[in-house]
Every structure is written in C-alpha cells, then in structure tokens.
Amino acid sequence: MKAEIIAVGTELLLGQIVNTNGPFVAKGLADLGIDVYFEETVGDNDERLRQTVEFAAARSDLIILIGGLGPTKDDLTKQTVAQYLKKPLVEDAAAMSKIRRYYRETKKQMTENNRLQALYIKDSLPLKNTTGFAVGNFYQNPQGADFLLLPGPPSELKPMFEHVAEPLLSKTYFKDHHLFSRVLRFFGIGESLLVTKIADLIDNQTNPTIAPYAKTSEVTLRLTASSQNAAEAEKLLDGMETIIRKRAGKYLYGYGDDNSLVNVVVKLLEKKNLNLAAAESLTAGAFQAVLAEVPGVSNVFSGGVVTYSNEAKELLLDIPNRVLEEKGAVSGETAKLMATSIRNKLKTDIGIAFTGVAGPGELEGNPVGTVWIGIAYKDQPVEARVFHFSNARPFIRERSVLTGLDWLRCKLTK
C-alpha cells in the first residue's frame, strides 16, 4: 500500500512551529507495514490544498491529512476533502454534545463556527477525539484513494492515531493477518554500507519486509513480518535476522525503538555485576553525562574525573610528566595510564579513558579528529585504540563517547 502524508498549516511553512506530527504518523504507518512514499506541507489556502489533494489522490492509495480541522476560517481540510469527494459534511452527535457541554460548564458563549469541529464527511467514519473537540475522519473510497483526517495539535493527534486510527487501519487493510515488527540497531557502520551488504535482501523482500533508517550516529533496520500468529512471525523474523547477522552481525548492538548504546552497556554491567569509572580529556565529561541519563546507573558507575590539561592529568591521575613530554597527551600510553589510574583510584572493575584532539587546530602533531580510547578491564592487560573522526568538533566528541560505549559493549559480551 502506498501512503502519503499532507501536513496542513501556514505556520508550518513559516517555520513558526516544527512538524513533529509527520514523522510520528509515518513511523506508526511503518509499524503497520504501510509505506509512506510522499510527505508534503501546504498552507491554509483552499486552492493550493485542493490541488495538493487531487495530485496525492492520483498517485497514492491512502492519504493522511494532518491539521485544519478546527473552527476558524483557515481550517479548511474537511471542507476541501469533502468537495473533492463530492460529499456533504454531517454532524457527529456525540462530538456536538461534548462541545455544548464544555461551553455550558465553562459559562462561555458558543459561536456557530464551533460547530465545525463536530462535522465529518458523509459516509466516512468519525474518529473520537478524547483530548479535544475536532473529530477525525476515515473515508474508504470505492473508486480511488482512501482519506484519513487527523487533528493538528500533537496532544490530540497522538492519542487519536494510537488508540483509534492505528487499530482501524490494521483491521481495514490487514483483516486476515497481523503484522509483527523487530527493530535491529547498528553502530559503527553507515547506512550505505549496511544497505550494500543486504542489498539483495531488500531488493527481493517479500515477507518479512526490511526498512533501513539512518539515525544520529547509528542505523536501524525494521523487519516486519505478516502472519496469522506471533509464533509464525517470530520464525520469519528470526530467519531474516540470522541472515543479516552473518553479514553485519558485529555491528548489531541491540533491539527496539527506544533503545541506545548506553542502555545496553548499563544493562550488561548490571548483569555481570561490574562497575565502571571514567577519565576524560577531550570529551570533558560527556561520557559520564550520557551514563547519568540512565536511571539506576549508580549501581554500576562509581564516578570519574575530567583532566583536560596536562597539569590535571598529572595531579588527578598521577600521569608521569615524562610520559606526557615524550609520548604526548594524545597517545596510547597516556590513554592506558588514564584508564588504569581511574580504575585503581576508584577501585572499580573497569576504567575507561578518552584523550584526543577535538580542534580547532592540531595538537602535538596529531590532526583534528585523532582520538585515543583506553580500557583497563579487570585483570586483563590494559588496551588502547586510536580512532580518526571527521573534523567537526561536536561530532568528534559525540562519536568518541559512542565508540567508547561500543567497545565496552564488545568486551562485556565476549
């Protein structure tokens, strides 16, 4: 099924508000196995909205319009779609009763335009709005594209979509089967390379389907299986995941929409009953700040230090001046000593250290983006690795933190 999302509102075009509704609905449709091929934004203009609707109806099977269901003159969505379908607007009695009750209880004057929020397109299904007044619409068109109309305020759209529209779409378009999804999360591989490794799977996909999404510093794959029961779907998803693991398994770190590298690392530390300490130079506490975002991290994270200058490294971590002079602050030797020192000082199982060049200029002959990470892991020999990231300062620091987390994850899963 080919779907299209149209966000309605001049305030969106002017940049006065950010369109968070479109991505939210697109993700929900993806969970249902409905592909969004196009997404537009159109202002509160009846002619331009009419043209946009006509163009969308000619190329898509399902059109979702967001916004423009309110009581003001610039709320034109229902009227425009009704005109296109050559259908009148009719009143939803329950919605009208809710509006009247509100004005009666608040002792405010109700005007005629408030009635617009209770209207819906004849022969469509009105969708109950639990947090507002404007009813949604779902119209199944026997001769063309179907229409789903949703309110613009996120506080109204999200509950309507999750609790009313999503179950309705699933029941309407997937009567004889159910959809089950699994999200695979990857770090250390770009979207283009991951897609290249599984290009034949994507090109020949049937069931399950594969949808790649590039996120900040990582990539996710959403596998969606269609089946009559969960057990059969799990087999389909397991089979596809096994193939993907053979090709890119070393980059796979976890599952789920709401997961992250730091969550995975903290859970692994908890599972193994290990605790961690950190010493940071170029990341300036960013690694520890990310850890602190996870509830309950104090069970596995003792603390750390920020030693930005050489003097701080000597004073707080006992790094010999000789090493800093001969090898440099940006070196494997310094990273190892930092990791070992913080582990010993805080008496933890693991010490991790970051030192490098975030810019704007090179340091000790090292170009911007050079980063050394050291890990002192229990009774194993201390290790240090060098990485080279792009020369964008915020990216270097963020990538350093994530790379350190991923290296920890790999050591914890061995």
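The values are calculated or read from the model by the stated rules, or taken from the named source; none is laboratory data. Here the structure is a predicted model, which means the values were calculated and not measured. Note that each Cβ is placed from the backbone with ideal geometry, even for glycine, and that neighbours are counted across all protein chains shown. We work out accessible area using only protein heavy atoms, side chains counted, and drop any ligands, DNA or RNA first. Shrake-Rupley method; radii C 1.70, N 1.55, O 1.52, S 1.80 Å.
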| request: State the number of residues belonging to the stretch 160-188 that are free of Cβ contacts under 8 Å to residues at least 60 places away in the same chain, outside any loop (DSSP other than H, G, I, E, B) and open to solvent by 30 Å² or more (accessible area, probe 1.4 Å). | output: 7
| Within the stretch 6-23, how many residues are aliphatic (A, V, I, L, M) and modelled with pLDDT under 95? | 5
| remark: The one condition Ala339 fails out of (1) buried (at least 22 other Cβ atoms within 10 Å of the Cβ); (2) part of a loop (DSSP other than H, G, I, E, B) is (2)
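Those residues that are assigned to a loop (DSSP other than H, G, I, E, B), out of contact with any helix residue (DSSP H, G or I) (no Cβ under 7 Å at 6 or more places or on another chain) and not small (Gly, Ala, Ser), I need them from the stretch 110-139; list them, please. I'd like the intermediate steps shown before the answer.
Keep residues of the stretch 110-139 that are assigned to a loop (DSSP other than H, G, I, E, B), which gives 110-111, 122-124, 128-135.
Subset that is out of contact with any helix residue (DSSP H, G or I) (no Cβ under 7 Å at 6 or more places or on another chain): 111, 122-124.
The answer is Thr111, Lys122, Asp123.
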| task | For the stretch 257-285, enumerate the residues that are touching a Leu at 6+ places or on another chain (Cβ under 8 Å), open to solvent by 10 Å² or more (accessible area, probe 1.4 Å) and outside any helix (DSSP H, G or I). | result | Leu274, Asn275
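Would you point out which residue out of Arg385, Arg393 is modelled with pLDDT under 95, within 33 Å of the chain's Cα centre (by Cα) and surrounded by fewer than 22 Cβ atoms within 10 Å (Cβ to Cβ)?
Numbers: Arg385 fails: modelled with pLDDT under 95.
That would be Arg393, the only listed residue that is modelled with pLDDT under 95, within 33 Å of the chain's Cα centre (by Cα) and surrounded by fewer than 22 Cβ atoms within 10 Å (Cβ to Cβ).
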| query | Out of all the residues in the stretch 80-109, which are closer than 20 Å to Met160 by Cα and in a helix (DSSP H, G or I)? | reply | Val81, Ala93, Ala94, Ala95, Met96, Ser97, Lys98, Ile99, Tyr102
| task | Could you check, for the stretch 35-56, whether at least one of its residues is aromatic (Phe, Trp, Tyr) and within 28 Å of Ser226 (Cα to Cα)? | result | yes
| note | Apart from one, (1) open to solvent by 10 Å² or more (accessible area, probe 1.4 Å); (2) outside any helix (DSSP H, G or I); (3) not basic (Lys, Arg) all hold for Phe354; the odd one out is (1)
